[in-house]
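Colleague: Sharing a structure below in structure tokens format, with a few things to ask.
Laboratory data are not the source of any read-out in this text; all were calculated from the coordinates shown. Computed from a prediction, not measured in an experiment: that's the story for all the values here. Note that we place each Cβ from the backbone using ideal geometry, even for glycine, and neighbour counts take in every protein chain shown.
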Amino acid sequence: MEWDGTLTRDAQARTKAIDAQGHMVPVLIVHVRLDKAADKNPLCLEQPFPAGHEAQCEAAARRLRKGMRVSAQGPRAHIHIKQEHVLHIHVHQPEESTV
């Protein structure tokens, strides 16, 4: 997948657990308002760096500033959709199943 758009805030360098054992890696976080999106909610992109590459991740974060136009590529298999503000979750009984 390729994403094109404008950074909505400065990039950040963080750390993130990559497995159940708690192994941590540096991760570059960018928020992009997509050029071709129907809505204007920003997409949060994460670029993991190898363990021990915190300085490189932090340097990348310093280069990426709000308002810059960027392109990013990543595998379709790693797309996850997240809804941060849900108003209600309804539990369906077995006879209501839509499957």
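Colleague: On a 0 to 90 degree scale, rounded to 10, what angle separates helix 54-63 from the longest Cα axis of the chain?
Modeller: Orientation of helix 54-63: about 90 degrees from the principal axis.
Colleague: Could I ask something else about it? Just order 27-33, 52-58, 77-83 by mean Cβ neighbour count inside 10 Å, highest at the front, would you?
Modeller: Values: 27-33: 19.3, 52-58: 14.3, 77-83: 6.4.
Packing order, densest peptide first, comes out as 27-33, 52-58, 77-83.
Colleague: Any idea what % of Cα-Cα pairs in segment 33-90 are farther than 16 Å?
Modeller: That fraction is 62 percent.
Colleague: List, in order, the whole-Hz ³J(HN,Hα) value for each residue of segment 32-42 obtained from phi through the Karplus relation with A = 6.51, B = -1.76, C = 1.60 and θ = phi - 60°; use x for Gly and Pro.
Modeller: Here the 3J(HN,Hα) series is 10, 8, 6, 5, 9, 7, 5, 9, 10, 5, x Hz.
Colleague: Something else: Roughly how many debye, to the nearest 20, is the charge dipole of the chain about its Cα centre, given +1 on each Lys and Arg Cβ, -1 on each Asp and Glu Cβ, and no other charges?
Modeller: 580
Colleague: May I ask you to work out the translational diffusion coefficient for the chain at 25 °C, viscosity 0.890 mPa s, via Stokes-Einstein with Rh from the Kirkwood sum over Cα pairs, reported in whole µm²/s? Spell out each step's value before the answer.
Modeller: Numbers: Rh = 15.8 Å.
Stokes-Einstein gives a translational diffusion coefficient of 156 µm²/s.
Colleague: Assuming R0 = 41 Å, what is the FRET efficiency of residue 35 and residue 93, from their Cβ-Cβ distance, to the nearest 0.05?
Modeller: Here the calculated transfer efficiency is 0.45.
Colleague: Helix-derived [θ] at 222 nm for the chain: sum -39500 (n - 2.57) over DSSP H runs of at least 4, divide by residue count, nearest 500?
Modeller: -3000 deg cm²/dmol
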